[in-house]
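Data first, discussion second: the structure below is written as structure tokens.
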Amino acid sequence: MCFAVIATLWGMRILIGFDQTAGAMGVAPARWPAPSEIPRDPARPQLLVFVHPFCPCSAATLEELERMTARRTRTSVQPQMTVLFVRPRGAKGWRSAGLWDTARQLAGAHVMWDEDGQEAHRFGALTSGDILLYEAHGILLFHGGVTGSRGHAGDNYGADELTLALDSGRPVRAPQMVFGCSLAGVGLLAPARE
Amino acid sequence: MKRFRNDAPYSQAERQRAEECFRAEFDHLAARVDRMMSRLLLAEWAGMMVLAGVITPRTWNGTSHSVNPHMWAAILAGPAFILPTILISRLYPAHQITRHVIAVAQMLASIVLIDVTGGRIETHFHIFGSLAFLAFYRDWRVLVTASVVTALDHLVRGIWWPQSVYGVLTVSPWRWVEHTWWVAFEDFFLILASRRSIEDMWAVARHEAKLYWGAYHDVLTGLPNRRMLEECFGRAQNDPEARRAIVFLDLDRFKQANDTLGHTIGDKLLALVAERLAAVLTKEQTLARIGGDEFVALLDEVGTPEKATDTAGRLLAAMAAAFRIDGHELLLSASVGISLYPDHGRDLAMLQERADNAMYVAKSLGRNQCVVFSREMARREQIVQEISRDLYMALPERQFRLHFQPLVGRSTEVVGFEALLRWIHPVHGLIPPSEFIPIAEKSGLIVGIGEWVLREASRHCAEWQIDGGRPIGVAVNVSGLQFERPDFGDRVRSILQECGLAPSLLTLEVTEGVLIRDVARACHHLNRLRRMGVRIALDDFGTGYSSLSYLAALPADTIKLDRSFVNREFGNGAAIIDSVIEMAHRIGLRVVAEGVETSSQGDRLLNLNCDELQGFYFSPPVAGDLVPGFLATHRDGCQPDTRFASESAA
């Protein structure tokens, strides 16, 4: 039984290490990049979510966003949300993972493909679940994740900071860690054709 | 193991039994929960792999992927702790350590399951569910073990990876208090419920032990009872080489003490006797109380009858000292019978019966002694059993015969006959009354037999009467059971009418012992019979109490001197006969001497004014059919039977 306990603790150590290891963070542009092809409402803050279609951890990110949207009242500032699924150009069957459908069910969310991760590269998103919030004039307010660890939905500072940034219209002090699969794979995030 | 809350009303044996009952029930429960938990763990392992496969099967790095560590964790949880735990539960079911191993495994499974399913809040309830399942053990220590495992997990992760427990990177330091509170909250109720359940189980076990003890012990003395004795004997019977003894002990005249001093003192006396007897025996020897004042000791490995007798002697010696109860000082003895296994029987009932027979022999030899069963007793017992069995059919199959022995007057004229019963057994031939009458009395058959005798004797007597001749009477012995029946007088009247016999020709012979059981009732019966005209004779006078006050009070016509007095021709014997005859005459009673076998006895009794004589000197008993012929030749003068007289003298 001692072996079982030790093995389990060792396994748990690996699991925790995996769960608690944040993904890579790129540098997000402080102002909305002009070449971006993402549709934008100049009257409302813009919330961008970059997601790997197969990343199981990002389900927690979408869950957190759904919860946040549901919590916001009509009088609160409602951002325009765009969920970008990063995929190699022309790749087939990447919608089947189920995250696409989950994202479609987010209230007021616009879901689109980011072919070859051009927009992700443009906005410095390197990990699935990376979220960026720009105010109506294109100033970066928030950059980071809204989950406490890989695949773990629940209270966390990232979600709290995002809500604060939305409500106050002021940028957060430091970027929040993003927990999810990497978007920086071979053939992805190629330099934008600008 | 939890003990009795209140040990006082329970004996050591009861406590031991209660613990056995509780342990058996608890082990049964624990084994069942072990099986349930091992199945649950197996199901959790399967569920863990399915959930990990559905939720996080792969980790993506762009277009390439690898198996997610959660998937590995789910798969490896089986060989790491689930399968070994299941193996332990199968190898060591119901062991305490098994329960704790299962508790640890169950909580580890919960922790892994929560983690591999992405730490969803719903799966956190698995912790509480696991605690609830573990509560089936009704062992609060298992819940503590489970809680300690969970607490350690939360402590370690809470310090180094708080977000893995609490879902945030930086959390309030009080968050762990909330987490701990919920587990402690559930633990409190589960532990409380477990303890209550355990107490209920104890209550049932105590009750069962009480019933068990009561079923196998005598409440008064605390000794094993007959059933326990049977079980002890059955256990000992497994050894075919063993030589054992059954010692049957019956207290002498206990009933007398019980009746005179009351049942309370009688009960205390029995308890003291049991205490003394038990002190004589070793732990391996069983002493049981099987009846009112009957005790049986089962002695193992006695080897020889002498050893059994030695133990019985010590039992008797233990009774020698006086018993002091509530200011009374009682001296008590016992009679002991011994039977040996396997010589005298192989089953307890047989051995007990034979020891009982031996005990009765001991009583007949004067009490306060020990007798070992013998082959002769066995033979007699066999005969008695056969007689008992055949006696039921003797009357319907007309195996009884009546013989009549003449009673002669002072001029040797025949004045009457005494009816004597004979049983002609189809196999054993003539069986003397002394052999079958006690059995008939014991079985109650004597009532029917007695009535038959009365009817037959009356019928014969009616036939003997001739016109103008001297009336010839008949004397019939009456048993105690027969005499005590309330309708006895009516039955006599009815039979006399049926046979057409004058009541004055019938003499009912009753022993003194029968009359003094209830003198008032006896007087009532006798007076009623005398009013009818029936004559009453006190039989076997001189052998019993021969109380003069009873003699004066009882309405009798005749006393029959016992043959033992008639044989005393010289010295004090002769003086007693003289005095008895004179006294009887003074109070108006006639005297009949029975057992006259010689001319000198006859002459002397006549000289002493004895009214009637009976004995082989005059005639042996004559078959009923031969009486008319006998009367034809002897009615006026019964000549001595010289053939018999010479034999007797020889």
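Values as computed for the structure displayed
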item: Residue, nearest to the other protein chains (Cβ to nearest Cβ), within region B:57-72, restricted to residues that are more than 22 Å from residue B:109 (Cα to Cα) and crowded, with 21+ Cβ neighbours inside 10 Å; result: B:60
item: Candidate set from region B:108-136 (those that are at pLDDT 85 or above and polar (S, T, N, Q)); member that is farthest from residue B:194 (Cα to Cα); result: B:110
item: From the options B:300, B:259, B:293, residue that is under 21 Å from residue B:353 (Cβ atoms), modelled with pLDDT under 90 and not hydroxyl-bearing (Ser, Thr, Tyr); result: B:300
item: Residue A:126 vs. criteria within 14 Å of the chain's Cα centre (by Cα), within 14 Å of another protein chain (Cβ to nearest Cβ) and not polar (S, T, N, Q); result: yes
item: Some residue of region A:45-64 being more than 13 Å from the chain's Cα centre (by Cα), acidic (Asp, Glu) and either under 15 Å from residue A:145 (Cβ atoms) or more than 10 Å from every other protein chain (Cβ to nearest Cβ) (or both); result: no
item: Test: residue in region B:49-56 that is surrounded by fewer than 24 Cβ atoms within 10 Å (Cβ to Cβ), modelled with pLDDT under 90, at the interface with chain A (Cβ under 10 Å from one of its Cβ atoms) and under 30 Å from residue A:58 (Cα atoms); result: yes
item: Residue check, residue B:43 facing another protein chain (nearest Cβ under 7 Å) and part of a helix (DSSP H, G or I); result: no
item: Selected residue (only one of A:67, A:122, A:95, A:44 is part of a helix (DSSP H, G or I), modelled with pLDDT of 90 or more and either within 23 Å of residue A:32 (Cα to Cα) or open to solvent by 20 Å² or more (accessible area, probe 1.4 Å) (or both)); result: A:122
item: Index of the failed condition, residue B:440 passing every other in (1) assigned to a loop (DSSP other than H, G, I, E, B); (2) open to solvent by less than 10 Å² (accessible area, probe 1.4 Å); result: (1)
item: Selection within region B:248-270 - closer than 28 Å to residue B:231 by Cβ and either surrounded by fewer than 17 Cβ atoms within 10 Å (Cβ to Cβ) or touching a Cys at 6+ places or on another chain (Cβ under 8 Å) (or both); result: B:267
item: In region B:94-105, residue farthest from the other protein chains (Cβ to nearest Cβ) [restricted to those that are of a type outside the set (S, T, N, Q) and surrounded by fewer than 17 Cβ atoms within 10 Å (Cβ to Cβ)]; result: B:95
item: Count of region A:136-159 residues which are open to solvent by less than 40 Å² (accessible area, probe 1.4 Å), within 14 Å of chain B (Cβ to nearest Cβ) and either farther than 26 Å from residue B:54 by Cβ or outside any helix (DSSP H, G or I) (or both); result: 12
item: Filter result for the condition that a residue is more than 8 Å from every other protein chain (Cβ to nearest Cβ) and of a type outside the set (Phe, Trp, Tyr), over B:91, B:108, B:76; result: B:91
item: Looking only at region A:160-179, and only at residues there that are modelled with pLDDT of 85 or more and facing chain B (nearest Cβ under 9 Å), the one that is nearest to residue B:124 (Cα to Cα); result: A:160
item: Test: residue A:184 is within 11 Å of chain B (Cβ to nearest Cβ), part of a loop (DSSP other than H, G, I, E, B) and open to solvent by 10 Å² or more (accessible area, probe 1.4 Å); result: yes
item: Some residue of region A:170-180 being open to solvent by less than 60 Å² (accessible area, probe 1.4 Å), assigned to a helix (DSSP H, G or I) and closer than 25 Å to residue A:17 by Cβ; result: no
item: Criterion: in contact (Cβ under 8 Å) with a residue 12 or more places away in the chain, part of a helix (DSSP H, G or I) and under 24 Å from residue B:300 (Cα atoms) - qualifying residue of B:201, B:228; result: B:228
item: Residue match in region B:381-398 (condition: free of Cβ contacts under 8 Å to residues at least 24 places away in the same chain, aliphatic (A, V, I, L, M) and not in a strand (DSSP E or B)); result: yes
item: Positions within region A:76-92 being at pLDDT 90 or above and in a strand (DSSP E or B), in sequence order; result: A:80, A:81, A:82, A:83, A:84, A:85, A:86
item: Condition broken by residue B:14, with the remaining ones in (1) surrounded by 15 or more Cβ atoms within 10 Å (Cβ to Cβ); (2) over 30 Å from residue B:228 (Cα atoms); (3) away from every other protein chain (no Cβ under 11 Å) satisfied; result: (2)
item: Answer from B:181, B:213 - the residue that is open to solvent by 40 Å² or more (accessible area, probe 1.4 Å), at pLDDT below 85 and either over 25 Å from residue B:29 (Cα atoms) or not in a helix (DSSP H, G or I) (or both); result: B:181
item: Filter pass, residue A:20 being polar (S, T, N, Q), touching a residue at least 12 places away in the same chain (Cβ under 8 Å) and within 10 Å of chain B (Cβ to nearest Cβ); result: yes
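Here is a yes/no grid of residues against (1) open to solvent by 50 Å² or more (accessible area, probe 1.4 Å); (2) in a loop (DSSP other than H, G, I, E, B); (3) of a type in the set (Asp, Glu):
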position: B:298; (1), (2), (3): no, no, no
position: B:303; (1), (2), (3): no, yes, no
position: B:308; (1), (2), (3): no, no, no
position: B:312; (1), (2), (3): no, no, no
position: B:315; (1), (2), (3): no, no, no
position: B:321; (1), (2), (3): yes, yes, no
position: B:324; (1), (2), (3): yes, no, no
position: B:329; (1), (2), (3): yes, no, yes
position: B:336; (1), (2), (3): no, no, no
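The values are calculated or read from the model by the stated rules, or taken from the named source; none is laboratory data. Everything quoted here is computed from the prediction, not taken from an experiment. Reconstructed Cβ throughout: ideal geometry from the backbone, glycine too, with neighbour counts over all protein chains shown. To get the accessible areas, we keep the full protein, side chains included, count just its heavy atoms, and leave off ligands, DNA and RNA. Shrake-Rupley method; radii C 1.70, N 1.55, O 1.52, S 1.80 Å.
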